[in-house]
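S.K.: Sharing a structure below in structure tokens format, with a few things to ask.
The values are calculated or read from the model by the stated rules, or taken from the named source; none is laboratory data. Being a predicted model, the structure only gives us computed values, none of them experimental. Cβ sites come from the backbone with ideal geometry, for glycine too, and all protein chains shown count toward neighbours. Heavy atoms of the whole protein, side chains included, go into the accessibility calculation; ligands, DNA and RNA do not. Shrake-Rupley method; radii C 1.70, N 1.55, O 1.52, S 1.80 Å.
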Amino acid sequence: MDELSGIVESLKSEIKTKLGPAKSIFDLWFGDLKLSSLDEECAVFTTPSPLKKNILSTKYIDIIKETLFGIIGFSVEVKIEKEGPAETKLPEKETTFDEEILLESERREKKIEEILNNPSSEKKTVLDEYTFDNFVEGTSNKFAKAACFAVANDPCVYNPLFIWGHSGLGKTHLLYAVMNHIKKNNPGLKIIYKKCETFMNELIDAIGNHETGPFKEKYRSADVLLIDDIQFISGKESTQEEFFHTFSALYESEKQIILTSDRPPMEIKHLTDRLRTRFEGGLIADVQPPSFELRTAIIRKKSDSMGLSVSNELVDYMAERLNNNIRQIEGVLKKLYAVSSLTGAEVTKESIDQIISIVDPGNVPTDIMIERILTAVSKKYGVSVEDIKSRKRNDTISNARHTAIYIIRKLTDLSLKDIGKIFDRNHATVISSIDNIGVNIRTIKNYESELEKLIKEIKDV
């Protein structure tokens, strides 16, 4: 991957995250976007159609500029041009926005189905990037990986297989790995993978067009059905009804069903009892947030695959800071790669901190957060940081010290003992300060709201 390709892929990944559920919009307008040139003053992107050029240049230019700045670290002018020879005019009849989204959605679904059902194709696809071999295993995901590998080798050994865990922990990677494995070893099987939202939209279209027969036949003829984010079926009565019958038909025919969710079946609200019992009737595997050791392994493996040189010390530093999910780790590494490729600069603690502050604004190193807290409290109470940390005991300084201790406890993971060291006091004094603030919150009018305002200011720095 060349430098410009790496940057545009990072840009697309960031914009896709920012757009959130509007995945069809992202695919429609940003799917074909390319970065043709970049220098200190201007970035030139290209897209195939005049319509896309117009939409990107008007509706999405600000998000492109903002995201690009976050990746490369400096501001440039952004231009969107049509790929290939310039056209003098737009077609007489432009496709409407809704029609474009529908057409793009249909094209994408056909492409996915072609990939899954054309085992002779040698063309590299997105599926090839997600395998069991490149899934980094740890205690937090070992059982889920083993379960997926088992059904990939022997469909219906566990049926259904229900995988749950918070966003960004690798559930979709496992689904793709299952598809890859089955496609390679059992090319004759019919595999269908859908996001739950897509399944619902297809059902709505089928009902609206009086074509529920072909819809039912499509899904009930699958040998392996994989539905991602099944929790979105919550409260959708018609979709639950149809999915129940699809589920039952496949199960009775001994066809494999694999579902993912951000929560276990018992916690999916507004789910019919008959679906809940069927979800719970197979094997349930959870994926937990990665441990420090797993985060370290992921960072090392992914940085090596990118060709990004990161010292062991900095790998450990990132693993300490990036403790939410795997997607967060990937986002930081992609930005580091983009900046390193563009500028030739080595990865440093400072560059890591800068990029983490962009990817996860709330993720601040403990020492920096303590400095922010002491500075903000000092300013609010009109006393110096030295006074707050001193042995002075007048009311103003004591109140400032109690407040600083309370906020440090709230915004960091430091133990009572470690907080006490900052102020040269023992943990009993820290507990007393926290209790003192608790009394103020309960007895002084508007005290809590003022305290929350101060905390917000500290977090927003």
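S.K.: Taking 41 Å as R0, compute the FRET efficiency from the Cβ-Cβ separation of Ser167 and Thr396 and round it to 0.05. Don't skip to the answer; put the middle values down first.
M.R.: Numbers: r = 45 Å, r/R0 = 1.11.
After rounding to 0.05, the efficiency reads 0.35.
S.K.: Quick check: the angle from helix 427-443's long axis to the longest principal axis of the chain, C-alpha only, nearest 10 degrees?
M.R.: 80 degrees
S.K.: If amide hydrogens are placed 1.01 Å from N in the peptide plane, which non-local residues have theirs closer than 5 Å to the one on Lys195?
M.R.: Residues meeting the amide H criterion: Asp228.
S.K.: Determine the calculated [θ] at 222 nm for the chain from helices alone, applying -39500 (n - 2.57) to every DSSP H run no shorter than 4 residues and normalising by the residue count; nearest 500 deg cm²/dmol.
M.R.: -18500 deg cm²/dmol
S.K.: Can I ask one more? Of Met266, Phe244, Asn325, which is farthest along the charge dipole of the range 238-330 in the positive direction, counting Lys and Arg as +1 and Asp and Glu as -1 at C-beta?
M.R.: Going by the Cα projections, it comes out as Asn325.
S.K.: What length, rounded to one decimal in nm, is gained on full extension from Lys216 through to Phe69, with 0.36 nm per residue of separation minus their alpha-carbon distance?
M.R.: Here the segment from Lys216 to Phe69 would lengthen by 48.2 nm.
S.K.: For the range 205-266, take the convex hull of the Cα atoms, compute a quarter of its surface area, and give me that in nm², please.
M.R.: 4.6 nm²
S.K.: Can you tell me the dipole magnitude for the chain around its Cα centre, using point charges on the Cβ only (Lys, Arg +1; Asp, Glu -1), in Debye to the nearest 20?
M.R.: The calculated dipole for the chain is roughly 1360 debye.
S.K.: Take the alpha carbon atoms of the range 197-326, find their radius of gyration, then divide it by 2.2 N^0.38 Å using N residues; give the quotient.
M.R.: 1.44
S.K.: When the Karplus curve 6.51 cos²θ - 1.76 cosθ + 1.60 is applied with θ = phi - 60°, which whole-Hz ³J(HN,Hα) does each residue of the range 149-158 get, with x for Gly and Pro?
M.R.: My calculation for the range 149-158 gives 5, 5, 6, 5, 7, 9, x, 5, 5, 10 Hz in order.
S.K.: Which value, in Å to one decimal place, does the Kirkwood hydrodynamic radius take for the range 378-418 when every pair of different Cα atoms is included?
M.R.: 10.6 Å
S.K.: If I model a spin label at Asn186 and Thr443 as a point 7 Å from the Cα along the Cα→Cβ vector, what separation in nanometres do I get?
M.R.: It works out to 7.0 nm between the two label points.
S.K.: I would also like to ask the following. Pulled fully out, how much extra length does the chain show between Val44 and Ser234, if you take 0.36 nm times their separation in residues and subtract their Cα-Cα distance? Intermediate values should be presented prior to the final figure.
M.R.: Numbers: separation 190, 0.36 × 190 = 68.40 nm, distance 4.32 nm.
Between Val44 and Ser234, full extension yields 64.1 nm more.
S.K.: For His270, tell me the accessible area in Å² from a 1.4 Å probe, rounded to the nearest 10.
M.R.: 140 Å²
S.K.: Using 0.36 nm per residue of separation minus the Cα-Cα distance, give me the extension gain between Asp133 and Ile61 in nm, one decimal.
M.R.: The span from Asp133 to Ile61 would gain 22.0 nm if fully extended.
S.K.: Which one, Thr348, Ile368, Ser253, projects farthest toward the positive side of the charge dipole computed for the chain from Cβ point charges (K/R +1, D/E -1)?
M.R.: Highest projection toward the positive end goes to Ile368.
S.K.: Moving on. Per q in 0.19, 0.26, 0.29, 0.32 Å⁻¹, report the Debye log10 I(q)/I(0) for the range 265-312, using one uniform scatterer on each alpha carbon and no solvent.
M.R.: For the range 265-312 at q = 0.19, 0.26, 0.29, 0.32 Å⁻¹, log10 I(q)/I(0) is -0.68, -0.95, -1.05, -1.13.
S.K.: If the cut-off is a Cα-Cα distance under 18 Å, which lysines reach Lys392, setting aside same-chain residues fewer than 8 apart in sequence?
M.R.: Filter leaves Lys379, Lys380, Lys421.
S.K.: Still on this model: Candidates (i) 1.07; (ii) 1.03; (iii) 0.99; which is the computed Rg/Rh (Cα atoms, Kirkwood Rh)?
M.R.: Given (i) 1.07; (ii) 1.03; (iii) 0.99, the calculated one carries the label (ii).
S.K.: Could you give me D for the range 124-279, from Stokes-Einstein at 25 °C and 0.890 mPa s, where the hydrodynamic radius is the Kirkwood radius over C-alpha pairs? Units µm² s⁻¹, please. Intermediate results must be reported in sequence, preceding the final value.
M.R.: Numbers: Rh = 16.0 Å.
Once the numbers are plugged in, D ends up at 153 µm²/s.
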